[in-house]
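Take a look at the structure set out below.
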There are 2 protein chains.
Amino acid sequence: MRIGIYGYGNLGKGVEKGIALNPDLELVGVFTRRDPASVKTVTGAPVYSVDQVADFENQIDVMILCGGSATDLPEMTPSLARLFNVVDSFDTHARIPEHFANVDKAAFQTGHTALISGGWDPGLFSLARLYMNAVLPEGRDYTFWGRGVSQGHSDAIRRIPGVKDARQYTVPVAEAVAQVRAGKQPELTTREKHLRECYVVAEEGADLALIEKTIKEMPNYFADYDTTVTFVTQEELTRDHGALPHGGEVIRSGKTSAENSHVLSFSLKLDSNPEFTGSVLLACARAVAKMHGREIFGCHTMFDVAPADLSPLSPEELRKKLL
Amino acid sequence: MRIGIYGYGNLGKGVEKGIALNPDLELVGVFTRRDPASVKTVTGAPVYSVDQVADFENQIDVMILCGGSATDLPEMTPSLARLFNVVDSFDTHARIPEHFANVDKAAFQTGHTALISGGWDPGLFSLARLYMNAVLPEGRDYTFWGRGVSQGHSDAIRRIPGVKDARQYTVPVAEAVAQVRAGKQPELTTREKHLRECYVVAEEGADLALIEKTIKEMPNYFADYDTTVTFVTQEELTRDHGALPHGGEVIRSGKTSAENSHVLSFSLKLDSNPEFTGSVLLACARAVAKMHGREIFGCHTMFDVAPADLSPLSPEELRKKLL
């Protein structure tokens, strides 16, 4: 299966590394908006300009789109779905219906297969919520994120005047997780579910008290959370907070009768969010190629993919080894 | 969606109770090999003899087969798949290929849709293994069962001379679970993974030491495990060990690069194994009816079912609420 990577940031690199772990997948190349000569890939894969992409129409089975959800993917995915089968990790929840419709139209018109919102949330966590709701209809589910780095929140801190660099961790509140795991179904406010830990490098002479106040009172991002701000040096930030770990847990508890309750949980503990997300997108790419082979065109999500299609094993092997 | 229940033991009752939680499902009736007049259902659903089942060919959308895997289902599922769309919970691992082939043939020839080996293991745990292997190809997975009642092991104890009644719990070894959750990949023997706790009611005058020795040395069932045997009165067994709890955890840990490891876990804590299994079979029945509507005939497992088909929600609602 011939894979292309479109966009070469952290996620693109994660996809590239993942290909080496899947003997049935082969990387044709990386497409970048930068000057290809300036980009050096992790595994030595060839680099092309996005302007050359149309030349690869018949050389790539699935293109994995590694742009951002805010501005890149809403344009990129429908446009590339006219040339290729595509997979993206679009995660702007409110805009999924619109994005789905745009990609569906482009893919259908040109006989391509697309999968949007792959990854772990949306993605594996969405699947956990779906399966758990289907098999335990009377109940309540909770999603906790972290401990992990939120790039959006880190960026928001970096935009504050006087801030040189920053890293923000989202941390689930241990008591809340314990209650939910025990099968209780508490009403939890935003503040009761997650904490936010910020590590900030300030510019020389900056007003630290003002930076801390600005962070803690920032609407949407921090105001509704218990937030800690710790000032560190650039060296400390690079050394102690250079990785991109993440994870979390989906828990559903409910009843099948007055007497009998059940607790279901799916959790992830990830050393590298982009590498794991890239690895999930590769499994999605495999499914997209299989579905395209069956002429199942248009846009899909992981909800529409038969699990067997994500695997390199045959149905017989899957029944024998994993059922 | 009109559901029938074929076989009315613990699992059949679990399915019956689950129907009340799914507004889109309706119970047509329970079919039993006993005298229908002697069977009283939990919810007051009508009871019919298995001899009448052919009369219901056009009144039931999916028949859920609640027989045992040892002798009932190998006959029952292919035979009923000639009249109905069917779901079973066949769990004799070694015979799955043969059972699948028999059911596939019967269902295909008559234009029916069948799903075998539904439930949680095989079933949800199989799905967890498949998804985890697909998204993290380099790694190792572990399945722990319990703490929960194993009916097969309880039966094996009851067959020992001098034993009046017994209940056996399978218990995962806490240290092994902790190691695996921490991302280590230990080689674990059978003994290192699970313990077996037996609660036994002996007949008056029975040789307790001999019973204990017979249990602990029983090949396949107990000899390879650390086993405890506790003698209790019938009253104690009924009072303290009358429920059928179960559960367990599937864990996979692996790497996406030399530096970065990840741990994935799916766990269940169930007050009632038959009620939860019944609830899973109902979600499978919903998928089977949808697939039959699309003329996808023959035999399937949960590996072949697009997750969305298990849910009563439309694809649009699913994307909006759960993605």
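The values are calculated or read from the model by the stated rules, or taken from the named source; none is laboratory data. It should be emphasised that the depicted structure is a prediction, and the values quoted were computed from it without experimental measurement. FYI the Cβ positions are ideal-geometry reconstructions off the backbone, even for glycines, and counts take in every protein chain you see. Just the protein is used for accessible areas: all its heavy atoms, side chains included, with ligands, DNA and RNA removed. Shrake-Rupley method; radii C 1.70, N 1.55, O 1.52, S 1.80 Å.
Data overview
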item	result
Within a Gaussian network of chain B (alpha carbon springs, distance under 10 Å), most fluctuating of B:S272, B:S117, B:S311	B:S311
Rounded accessible area per residue of region A:236-280, 1.4 Å, Å²	32 Å²
Sum of side-chain charges, A:E192 neighbourhood, beta-carbon under 14 Å (Lys, Arg +1; Asp, Glu -1)	0
In region B:1-77, GluC sites (Glu not before Pro) in a DSSP loop with at most 16 other beta-carbon atoms within 10 Å	B:E57
Average beta carbon contacts from partner chains per residue of A:10-18, 10 Å cutoff	2
Rg/Rh ratio calculated on Cα atoms of region B:105-145 (Kirkwood radius)	1.19
Over the protein assembly as shown: Kirkwood hydrodynamic radius from C-alpha pairwise inverse distances, Å	26.7 Å
Label zone at B:V42 (point 7 Å along Cα-to-Cβ), backbone N below 17 Å, region B:120-141	B:120
Fraction of antiparallel bridges per DSSP, chain A only, in percent to nearest 5	55 percent
Viscosity 1.002 mPa s, 20 °C: Kirkwood-radius Stokes-Einstein D of region A:91-165 over Cα pairs, µm²/s	136 µm²/s
Chains B and A together, accessible area buried on both sides, 1.4 angstrom probe, square angstrom	5500 Å²
Per-residue SASA entry for A:V149, accessible area with 1.4 Å probe, Å² rounded to 10	10 Å²
FRET efficiency, 1/(1 + (r/R0)^6) with R0 41 Å, evaluated for A:N10 and B:E295 via beta carbons	0.40
Beta bridges per DSSP with both ends in the protein assembly as shown, % antiparallel, nearest 5	55 percent
Average other protein chain Cβ within 10 Å of Cβ, residues B:124-131	6
Kirkwood hydrodynamic radius of region A:171-241, from inverse mean 1/r over distinct Cα pairs, in Å	14.0 Å
Of the DSSP H helices in chain A, those whose Cα atoms cover at least 18 Å axially and whose Kyte score averages 0.0 or more	A:273-293
Test item: B:271-280 mean partner chain Cβ contacts at 10 Å	5
Fraction of antiparallel bridges per DSSP, region A:181-298 only, in percent to nearest 5	60 percent
Accessible area per residue, Å², region B:29-140 with all protein chains present, probe 1.4 Å	40 Å²
Listed residues B:D271, B:D104, B:D24, most fluctuating in chain B (Gaussian network, C-alpha, under 10 Å)	B:D24
Residue of A:V180, A:V250, A:V103 that the Gaussian network model of chain A assigns the largest fluctuation, springs spanning Cα pairs under 10 Å	A:V180
At least 30 Å² of accessible area lost relative to the chain alone, listed for region A:80-113 with a 1.4 Å probe	A:H93, A:I96, A:F100
Region B:170-323: C-alpha pair distances exceeding 28 Å, %	50 percent
Charge context of B:V62, other residues only, Cβ under 13 angstrom, K/R +1, D/E -1	-3
Accessible surface of region B:187-323 [probe 1.4 Å, protein heavy atoms]: carbon and sulfur percent	51 percent
P(r) of chain A over all Cα-Cα pairs, binned every 10 Å from zero, in whole percent	6, 22, 29, 25, 14, 3, 0
Complex-versus-alone comparison for region A:292-322, residues with a loss of 50 Å² or more in accessible area, probe 1.4 Å	A:F303, A:P307, A:R319, A:L322
Of all accessible heavy-atom area on region A:1-154, the percent that carbon and sulfur account for (1.4 Å)	48 percent
Residues of type lysines that A:K164 reaches as a straight line, Cα spacing below 24 Å, ignoring anything fewer than 8 places off in the same chain	A:K213, A:K216
Sum of side-chain charges, B:T77 neighbourhood, beta-carbon under 14 Å (Lys, Arg +1; Asp, Glu -1)	-3
Within region B:231-323, trypsin sites (Lys or Arg not before Pro) in DSSP loop having at most 13 other beta-carbon neighbours inside 10 Å	B:R294
When each of A:K269/B:K320; B:K13/B:K290; B:K17/B:K40; A:K255/B:K13 is checked by Cα-Cα distance, pairs over 20 Å	A:K269/B:K320; B:K13/B:K290
